[in-house]
Amino acid sequence: MSKPLWPDLAGMVAAIGCAIHCATLTIVFLLYPTLWMKRKYWEMGLWHKLMWLEWSLLATSWLLILLAMALGWRRHRRFGPGLLAFVAVSLMTVIILTPLHDTGYWTSAAAVATGLAIAGAHWWNIRLGRSAKV
């Protein structure tokens with residue numbers, strides 16, 4: 001039995017962190033909708049910093065998915081985890097980088113689902129890597 005590769009473990013942490021980020025912000029804005037209206041948050045650049053956080057998580061997700069799935073392919077030769085990861089991160093890219101990002105709470109739910117799907121793809125990749133005869 002081989003050890004899981006670090007890109008899969010880091011990818012799971014980043015994907016779960018992304019899902020927590022999306023879920024938490026949605027809950028905060030549902031509970032306190034006046035946060036959007038507070039001028040001091042706009043002036044201090046909080047919303048701009050949150051966007052940079054989202055873009056950074058997205059770039060990290062792409063990097064870790066490409067690395068982990070390529071290394072996983074070398075070990076187990078299965079398309080499943082890579083296909084799931086690619087579809088999920090592509091959907092997340094559309095959600096974050098298009099005007100869909102600001103359309104409503106359903107996009108936050110979709111972002112949470114894609115984050116969990118990415119974490120699942122990394123977990124699947126680890127499981128297949130452990131069962132592969134290397």
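Among the residues of segment 92-133, those that are of a type in the set (D, E, K, R) and farther than 21 Å from Thr24 by Cβ comprise Arg127, Arg130, Lys133.
Each residue in segment 95-116 was checked for being open to solvent by 70 Å² or more (accessible area, probe 1.4 Å) and more than 16 Å from Ala19 (Cβ to Cβ), and 4 of them qualify.
Can Leu116 be described as under 10 Å from the mean Cα position of the chain (by Cα), assigned to a helix (DSSP H, G or I) and in contact (Cβ under 8 Å) with a residue 60 or more places away in the chain? Yes; evaluated as a whole, the condition is true for this residue.
For the residues Gly72, Gly45, the requirement of being surrounded by 15 or more Cβ atoms within 10 Å (Cβ to Cβ) and not hydroxyl-bearing (Ser, Thr, Tyr) singles out Gly72. Residue pairs whose Cβ atoms lie under 7 Å apart, sitting 6 or more positions apart in sequence or on different chains, and linking a residue in segment 10-29 that is under 20 Å from Trp47 (Cα atoms) to a partner that is open to solvent by less than 20 Å² (accessible area, probe 1.4 Å), are Cys18/Ser61; Cys18/Gly115; Ala19/Gly115; Cys22/Ala111; Cys22/Gly115. Residues in segment 9-25 that are open to solvent by 20 Å² or more (accessible area, probe 1.4 Å), under 17 Å from Phe86 (Cα atoms) and of a type in the set (Gly, Ala, Ser): Ala10 only. Could you list, in sequence order, the residues of segment 72-86 that are touching a residue at least 12 places away in the same chain (Cβ under 8 Å) and within 19 Å of the chain's Cα centre (by Cα)? Within segment 72-86, Gly72, Gly80, Pro81, Gly82, Leu84, Ala85, Phe86 qualify.
The values are calculated or read from the model by the stated rules, or taken from the named source; none is laboratory data. Note that the structure is a prediction, hence the values are computed from the model and not measured. Cβ sites come from the backbone with ideal geometry, for glycine too, and all protein chains shown count toward neighbours. We work out accessible area using only protein heavy atoms, side chains counted, and drop any ligands, DNA or RNA first. Shrake-Rupley method; radii C 1.70, N 1.55, O 1.52, S 1.80 Å.
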